[in-house]
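For reference, the structure discussed in these notes is given below.
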Amino acid sequence: MAKAWTPSSWQTHPASQQPDWPDPGHLEQALKQISSFPPLVFAGEARSLEASLGQVAAGNAFMLQAGDCAESFEAFSADNIRDKLRVILQMAVVLTYSLGVPVVKVGRIAGQFAKPRSTPTELVGDVELPSFRGHMVNGASATAAARVADPERLVQAYHQSASTLNLLRAFVKGGFADLNRVHAWTQEFVASSPEGQKYEQLAAEIDRALRFMRACGIDTESNSRLHEVDVFTSHEALLLGYEEALTRQDSTTGGWYDCSAHMLWIGERTRELDGAHVEFLRGVGNPIGCKIGPTSTPEMVLELCETLNHAQVPGRLTLISRMGAEHVEDKLRPILRIVRSAGHPVVWACDPMHANTYTAVSGRKTRNFDDICAEIGGFVRAHSAEGTWPGGIHVELTGDDVTECIGGADNILDAQLDDRYQTVCDPRLNGRQSLDLAFRIADLIRTNGLA
Ligand code: TRP
Ligand code: MN
């Protein structure tokens, strides 16, 4: 029998990746303020996401989880939010049509501000500075002053999350997500690049499907299903003080929900079974994710399932594998087998980004589009072999025309990385690469006979 859980029971477990706050009194005061603010999401929404993810676990839907590696306090504008949402919606249309199942849309957005680091400090020239931990903690510039952890940033992250979420809600219910409109953008992509032209046939099929519906009297404007979507929010639950401050008791069910986002995940660096992150998330009612990397053994993953979803609720737990293109098939298959035979109804998602990062000749941290596709390929083949459903993907992207990942639509080269390398953390797919990826995934799942 597990020990009693409370929103603060994580405090008696070892918490890795927590910043070194110089003034504990200031931190306490910021957290107290946040705990008095309204929740950002409503528990009923988290339950509805869990139900949708339950459909993914059962093989009747697909999950698309996408957004920035780290949101930025500087790149905070309506255009930035709009363009990110646009790419996610475009990918969703392509996937919905090709897979023939609903796509559950989850943004890495409105709260994705804190980053785990491989070392607490870094060497800049010959000065040792505290590592940058995301705008929710400190500044990115390489000065001692910028790198001091400042609790006011937690408050600012809350406010930025609130206005980002507000605009997202307005867009997805206000007509921006109209199916015809989203498809028209995709047609522009198809028409305007040689890579895109490969997808002309699929785009034309979607076009015909839309015209057929219109001819039958189902037009997108008057039909709210075709005019509106649900987009959920998610982020890595890294700074547990912040997450605790937004954890509230739901008045309708009495359960505890982390109301900082609909879905929260545990990162590869914080998934120790007896650690504070697992302890915190096991007790909240939200759907949760857990990253699993190449060092995870089948037994460890099974234990995580037992701890995080003891009751085996479908949709409660998403396992997000990030194994690397080369190893994914071999590493994943025994994990799929053990979890399936124990009867755990998890969502299997593929993060094809994080284990395929390398330093380019130019010195920039990058990822190759082909490796990203290769990891998804291995992921899909592993599922096809084990008879499980490759339920979703988890990617880092932006709607902006950045040059951070190599290859893909427009074939970005190593030498071009410096042109528009804007990320505050990991390299992201740009808008066109992201859409290209959606077409590739559609292809992979179809050619493996899974849709
Ligand atoms: N509401 C449906 C859905 O979310 C169909 C839909 C409308 C849609 N606009 C969309 C799907 C934009 C994807 C993208 O699936
Ligand atoms: Mn990242």
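Scan (1) within 16 Å of ligand 2 (Cβ to nearest atom); (2) outside any helix (DSSP H, G or I) for the single condition K84 breaks and write down its number.
Every condition holds for K84 apart from (2).
Identify all residues within region 404-436 that are crowded, with 17+ Cβ neighbours inside 10 Å, away from ligand 1 (no atom under 16 Å from the Cβ) and under 22 Å from K198 (Cα atoms); write none if there are none.
C405, I406, G407, G408, A409, D410, I412, L429, N430, R432, Q433, D436
Given the criterion assigned to a loop (DSSP other than H, G, I, E, B), buried (at least 18 other Cβ atoms within 10 Å of the Cβ) and among the hydrophobic types (A, V, I, L, M, F, W, C), identify the matching residue among V278, V284.
When all the criteria are applied, what remains is V284.
For T295, all conditions in the list (1) surrounded by fewer than 20 Cβ atoms within 10 Å (Cβ to Cβ); (2) closer than 22 Å to S118 by Cα; (3) in contact (Cβ under 8 Å) with a residue 24 or more places away in the chain hold save one; what is the number of the exception?
All conditions are met except number (3).
Run down L179, L202, L167 and say which single residue is in contact with a helix residue (DSSP H, G or I) (Cβ under 6 Å, 6 or more places away or on another chain), among the hydrophobic types (A, V, I, L, M, F, W, C) and over 18 Å from I81 (Cα atoms).
Selected residue: L179, the only one of L179, L202, L167 that is in contact with a helix residue (DSSP H, G or I) (Cβ under 6 Å, 6 or more places away or on another chain), among the hydrophobic types (A, V, I, L, M, F, W, C) and over 18 Å from I81 (Cα atoms).
Going by the conditions given, is I88 of a type in the set (V, I, T), surrounded by 23 or more Cβ atoms within 10 Å (Cβ to Cβ), closer than 22 Å to D443 by Cβ and under 17 Å from the mean Cα position of the chain (by Cα)?
When the stated conditions are applied, I88 passes them.
Return yes when Q11 is surrounded by fewer than 20 Cβ atoms within 10 Å (Cβ to Cβ), of a type outside the set (S, T, Y) and either at pLDDT 95 or above or touching a Lys or Arg at 6+ places or on another chain (Cβ under 9 Å) (or both) and no when it is not.
Taking the combined requirement at face value, the residue satisfies it.
Pairs only if they're at least six apart or on different chains, beta carbon under 8 angstrom, first in region 34-47 and outside any loop (DSSP other than H, G, I, E, B), second among the small types (G, A, S); list them, first residue then second.
Once the first residue is outside any loop (DSSP other than H, G, I, E, B) and sits in region 34-47, its partners that are among the small types (G, A, S) give I34/A245; S35/A245; A43/G255; A43/G285; A46/G285; R47/G285.
Taking V106 as meeting all but one of (1) within 16 Å of ligand 2 (Cβ to nearest atom); (2) of a type outside the set (K, R); (3) surrounded by fewer than 24 Cβ atoms within 10 Å (Cβ to Cβ), write down the number of the exception.
(3)
Checking the structure you have, find out if any residue of region 114-127 is of a type in the set (A, V, I, L, M, F, W, C), within 16 Å of ligand 2 (Cβ to nearest atom), part of a loop (DSSP other than H, G, I, E, B) and surrounded by 20 or more Cβ atoms within 10 Å (Cβ to Cβ).
Yes: one or more hits.
Is it the case, given these coordinates, that K115 is within 16 Å of ligand 1 (Cβ to nearest atom) and not small (G, A, S)?
no
So, restricting to helices (runs of 4 or more DSSP H) that lie completely within region 157-219, which ones have at least 1 residues that are away from ligand 1 (no atom under 11 Å from the Cβ), under 26 Å from the mean Cα position of the chain (by Cα) and surrounded by fewer than 16 Cβ atoms within 10 Å (Cβ to Cβ)?
Output list reads 179-192.
Could you list all residues from region 378-406 that are charged (D, E, K, R), within 16 Å of ligand 2 (Cβ to nearest atom) and not in a loop (DSSP other than H, G, I, E, B)?
Scanning region 378-406 gives a single hit, E396.
Determine if region 376-387 includes at least one residue that is in contact (Cβ under 8 Å) with a residue 24 or more places away in the chain, within 16 Å of ligand 1 (Cβ to nearest atom), within 20 Å of the chain's Cα centre (by Cα) and surrounded by fewer than 24 Cβ atoms within 10 Å (Cβ to Cβ).
No; the residues of region 376-387 include none that is in contact (Cβ under 8 Å) with a residue 24 or more places away in the chain, within 16 Å of ligand 1 (Cβ to nearest atom), within 20 Å of the chain's Cα centre (by Cα) and surrounded by fewer than 24 Cβ atoms within 10 Å (Cβ to Cβ).
Give the residue that is nearest to ligand 2 (Cβ to nearest atom), with candidates limited to residues of region 62-78 that are over 17 Å from the mean Cα position of the chain (by Cα) and crowded, with 16+ Cβ neighbours inside 10 Å.
Within region 62-78, the match that is nearest to ligand 2 (Cβ to nearest atom) is A75.
Give Q416, Q422 a once-over and let me know the one that is out of contact with any helix residue (DSSP H, G or I) (no Cβ under 7 Å at 6 or more places or on another chain) and within 16 Å of ligand 2 (Cβ to nearest atom).
Q422 is the lone residue from the list that is out of contact with any helix residue (DSSP H, G or I) (no Cβ under 7 Å at 6 or more places or on another chain) and within 16 Å of ligand 2 (Cβ to nearest atom).
The values are calculated or read from the model by the stated rules, or taken from the named source; none is laboratory data. Keep in mind the model is a prediction, meaning the values are calculated, not measured. We place every Cβ from the backbone using ideal geometry, glycine too, and count neighbours over all the protein chains shown.
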